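The values are calculated or read from the model by the stated rules, or taken from the named source; none is laboratory data. This one's a predicted model, so the numbers in the text were calculated from it and none came from an experiment. With ideal geometry, Cβ positions are generated from the backbone for all residues, glycine too; neighbour counts draw on all protein chains shown. Ligands, DNA and RNA are stripped out before the accessible areas are found, and what is left, the full protein with its side chains, is counted by its heavy atoms. Shrake-Rupley method; radii C 1.70, N 1.55, O 1.52, S 1.80 Å.
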Amino acid sequence: MRLDINLNEKVKPEPPSQEELACVSKLSPGDYEIYGQKLNMICLEGEQIFQRLGVSALIHAGDMIVSIYTPQGDLVTAACGTFLHSITGVIPIKFILEHWANNESVGVRDGDIFYCNDAHYGGIHNPDQITIMPVFFEGELIAWSTAAGHQTETGATEPGGMPVSARSRYDEGMAVSPIKIGENFRLKDDLIEMCANMVSRAPRMQVLDMKARATACDRLRMRLIE
């Protein structure tokens, strides 16, 4: 799979569907504010979980985001310490929808967990690692949840994840395109080990932060279903 050269165009919001427009007409006064605040509270809970379970210093400092997206991959709401991250989930979700959803070898199913950190697929730079989960209700894809945060090691040519001596993107360490790292609500140990191996200076950080991201995403999923 070659890099989709039109990825940057996907950051623009998708046109509203006829179903979405019909739903807007059914909102009573105050409904938008009430349900919007409920979604905000869900994201705030996910943010607390992510920060308490993660071990990276910059995740604790707030260089992260926990967010909810539409089925088409557009941002609905988020809890973030860095507003720059408000766009980090859009491109990888839309990439997954375009390239993997109808791919028989990958697919998008309830309980799937996706992961990426290559900046070409949505992050600001490679230290920004993103976990993505689809949210299904009664068999229908209704949303996506994501947890992204700056991790201070990528296995680059220098420690710290931001090598000033890098001469190309190949010097920047781990660069994972959107891949499925879990199914049936369980992470795959072989793929976790692969990422830990690529970030060889801090494998424990890599594993724990990946699990923290997945836990935050799943809490958002659970709350949305409730």
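Summary table
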read-out	value
Residue count for region 85-106, restricted to those that are of a type in the set (A, V, I, L, M) and part of a loop (DSSP other than H, G, I, E, B)	2
Residue among Glu226, Glu183 that alone is without any contact (Cβ under 8 Å) to a residue 40 or more places away in the chain and of a type in the set (D, E, K, R)	Glu226
Residue ranges of helices (runs of 4 or more DSSP H) in region 5-75 with at least 3 members surrounded by 14 or more Cβ atoms within 10 Å (Cβ to Cβ) and on the phi < 0 side of the Ramachandran plot	31-53, 57-61
Test result for Leu141, touching a residue at least 12 places away in the same chain (Cβ under 8 Å), under 23 Å from Pro71 (Cβ atoms), surrounded by fewer than 22 Cβ atoms within 10 Å (Cβ to Cβ) and in contact with a Pro (Cβ under 6 Å, 6 or more places away or on another chain)	yes
Single condition Arg223 does not satisfy, out of (1) part of a loop (DSSP other than H, G, I, E, B); (2) within 19 Å of Pro71 (Cα to Cα); (3) among the basic types (Lys, Arg)	(1)
Residue within region 151-158 that is without any contact (Cβ under 8 Å) to a residue 12 or more places away in the chain and surrounded by fewer than 18 Cβ atoms within 10 Å (Cβ to Cβ) present	yes
Residue in region 164-179 that is open to solvent by less than 10 Å² (accessible area, probe 1.4 Å), touching a residue at least 12 places away in the same chain (Cβ under 8 Å) and in a helix (DSSP H, G or I) present	no
Residues located in region 123-138, provided they are part of a strand (DSSP E or B) and buried (at least 22 other Cβ atoms within 10 Å of the Cβ)	Asp128, Gln129, Ile130, Thr131, Ile132, Met133, Pro134, Val135
